[in-house]
């Protein structure tokens, strides 16, 4: 981090953590995110029912408003959906699906994009330029359109959505990493590593890559939020995940049919849940960007 | 300047070619073109005839040339559903989408610029902080979520506006548009606001950053020394200087607005290209999907070209540098 921190012997990551929590909004986002992540991770143990197990669902309890008691004396705090799913349980499992696919696709896209970006910077010349042309071309197409195109071609389902999300995201990482790596290539440590006759793989991954990490951290945070929103959008349009394992987007879409008849809770609560998750991640990302962006630091 | 325009046009053509290659590879190489392009209700003999007509027995590169040649003629096959040319179907729906997207971008500018000016002029004021927090929210909210909320509040609870279809339209230059009737506006307002929210946030951020940078410049200090009011300095001196990047980015954003219209049109049953392509994906109507993608590529290239040209017109420095 800053030179002062290094002189005072404080570890850079401590500086980062302290700076992060100095901002109340960011701290709030972090706490919210941790809470959601715990709900998502431990949903099978925390949720009042398993919303995927049809034997567990009571159709006669369908479409109950918030705060009603079901036929077997179960209390539904947020009401139920048309299948008789307790919305609390459905939302917890929805977190699991949305967060899981968002994070997994972002990390996969990061692995691919980072490798491509580093390679393009290291190779340079016409080949490096050609790679970046492809990246630029892809970035000129809006992500939602790209994902739609993929889903239209390969069909829907969890693996296909994952594929579509990775395709929609990898270019951002490639562009970011290549931009930093081009600058870093000029640094003395790279010249020194080259002077030591280290192999290109070693220079790329153990010398260049660590120096690209701060911006990557910011991009990955923001991209996870974007991927979650994109998956929810696809699922909402009915092109995403199967109805048997509802993500938040699908819950919203289901509830949407009932909204005109005044049964607001079926789409309102999953909507709020989705919103809280995305806002929490974006608050974290925003703060990280402020902290890690060297240009903004005094 | 002519050289630059020429360069841009060439680049645009390159992008359309790249898109055609991507769509071609997607449909013909990755997927099974027979199942993608041939109506599944046909029998075996009919399928063989269609396969030959489509040239599927030829090597891949010749198939691509064939595809390109058809593309040049504007022939991308007939829709399976309506059995009319796919391109015609899309073009018929285009005015509705463009009307929606352009309205949304204009709303974004009209609302975003004043808010951004204020937030940049008084960054520490509580109203500015509220505006900026609001803009984070505007970035975070998924489009379809905002659409649902708008319908819930303004169409269902309050009953002020309509949430389905285009309402009454009038013909203008051969296009049906909603903007000329009151009923049309009552239908247009909610979807346009839905799409505009993200633009408003973006414009606020851009304008605010521009104002903060401009306020530190000498020409602002000089204008102040002359005793001009802050209002005049902001509107007459600062605004033209920051408008160029704002307009450029907003112009580029028109492309993504048209893409995101897919979502908004579906929610509000707005009969545009986006609604058509979603319906076509469900109906497995591939020729329409291919036509949509190609038309979108051309549209994006055209918009980017116009923005580049607009940039040249707006910024005299750029014009002279290129001319010299």
Q) Are any of the residues in region B:34-48 in contact with a helix residue (DSSP H, G or I) (Cβ under 8 Å, 6 or more places away or on another chain), within 14 Å of chain A (Cβ to nearest Cβ), part of a helix (DSSP H, G or I) and modelled with pLDDT under 75? A) yes
Q. Given the conditions (1) in a helix (DSSP H, G or I); (2) touching a helix residue (DSSP H, G or I) at 6+ places or on another chain (Cβ under 8 Å); (3) away from chain B (no Cβ under 14 Å), which single one is not true for residue A:213?
A. (2)
Q.
Among the residues in region A:9-22, are any at pLDDT below 65 and either more than 30 Å from residue A:289 (Cβ to Cβ) or exposed (fewer than 12 other Cβ atoms within 10 Å of the Cβ) (or both)?
A. yes
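Starting from residues that are assigned to a helix (DSSP H, G or I) and more than 10 Å from chain B (Cβ to nearest Cβ), keep the ones in region A:236-267 and report whichever is farthest from the chain's Cα centre (by Cα).
Checked region A:236-267; the qualifying residue farthest from the chain's Cα centre (by Cα) is A:258.
So that you can scan it fast, the table gives a plain yes or no per residue for (1) within 21 Å of the chain's Cα centre (by Cα); (2) part of a helix (DSSP H, G or I); (3) within 14 Å of chain A (Cβ to nearest Cβ); (4) in contact (Cβ under 8 Å) with a residue 24 or more places away in the chain:
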site: B:83; (1), (2), (3), (4): no, no, no, no
site: B:87; (1), (2), (3), (4): yes, yes, no, yes
site: B:91; (1), (2), (3), (4): yes, yes, no, yes
site: B:97; (1), (2), (3), (4): yes, yes, yes, yes
site: B:101; (1), (2), (3), (4): yes, yes, yes, yes
site: B:109; (1), (2), (3), (4): yes, yes, no, yes
site: B:145; (1), (2), (3), (4): yes, yes, yes, no
(Q) Any residue at all in region A:217-229 that's away from chain B (no Cβ under 12 Å) and farther than 21 Å from residue B:139 by Cβ? (A) no
Q: For region B:264-275, name all the residues that are in a helix (DSSP H, G or I) and buried (at least 24 other Cβ atoms within 10 Å of the Cβ).
A: B:264, B:265, B:267, B:273, B:274
(Q) So in region A:129-151, with the set limited to residues that are touching a residue at least 60 places away in the same chain (Cβ under 8 Å) and in contact with a helix residue (DSSP H, G or I) (Cβ under 6 Å, 6 or more places away or on another chain), which one is farthest from the other protein chains (Cβ to nearest Cβ)? (A) A:147
(Q) Please go through (1) surrounded by 20 or more Cβ atoms within 10 Å (Cβ to Cβ); (2) more than 12 Å from residue B:208 (Cβ to Cβ); (3) within 14 Å of chain A (Cβ to nearest Cβ) for residue B:136 and return the number of the only condition it doesn't satisfy. (A) (1)
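The values are calculated or read from the model by the stated rules, or taken from the named source; none is laboratory data. All values derive from a computational prediction rather than experimental measurement. Cβ: placed from backbone, ideal geometry, glycine included. Neighbour counts: every protein chain shown.
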